[in-house]
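Written out below as structure tokens is the structure these notes cover.
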Amino acid sequence: MWLPGTDPRREYKRIPVRYTVLLSAAHEDDRIQSEEGTLSDISIRGCAIRGDVPVHRGDLLGLQIRPTDHEPPIEIDVATVRTVTGRRFGLEFVRIRQEQETRLRRILVTLLHGR
């Protein structure tokens with residue numbers, strides 16, 4: 001599902017969305033317990049989130065993305081913070097289980113066809 005994007009640094013184009021996401025530390029000893037944010041765009045390899053979460057470049061997070069209230073969240077086991085700009089931060093997915101990636105791909109295809 002490669003799509004040429006406008007940003008030459010990205011391999012995959014990000015699709016604008018507005019989903020609720022629950023963030024937690026990827027490791028139990030980190031400072032983030034569990035915080036909610038808003039997913040503003042997503043691709044198969046990363047996303048951008050807006051929220052009042054105290055993150056820094058290099059932090060490792062776990063994500064639960066809720067595209068709808070009618071199905072379980074998509075779980076990203078580990079994502080690393082790549083950029084932080086005010087209340088917006090960009091993440092790269094580092095570890096996602098195969099069944100979760102399959103669900104994410106289905107949602108991305110649906111979003112692309114709906115445009």
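Taken together, the values in this text are just the output of simple stated rules run on the coordinates, not laboratory data. Values in this document were obtained by computation on a predicted structure and should not be read as measured data. Neighbour counts are summed over all protein chains in view; Cβ atoms, including those assigned to glycine, are modelled from backbone coordinates with ideal geometry.
Charge dipole (Cα centre; +1 on Lys/Arg Cβ, -1 on Asp/Glu Cβ; no other charges) of the range 15-113 amounts to roughly 460 debye. A straight chain from Leu111 to Arg88 at 0.36 nm per residue would run longer than the Cα-Cα distance by 6.1 nm.
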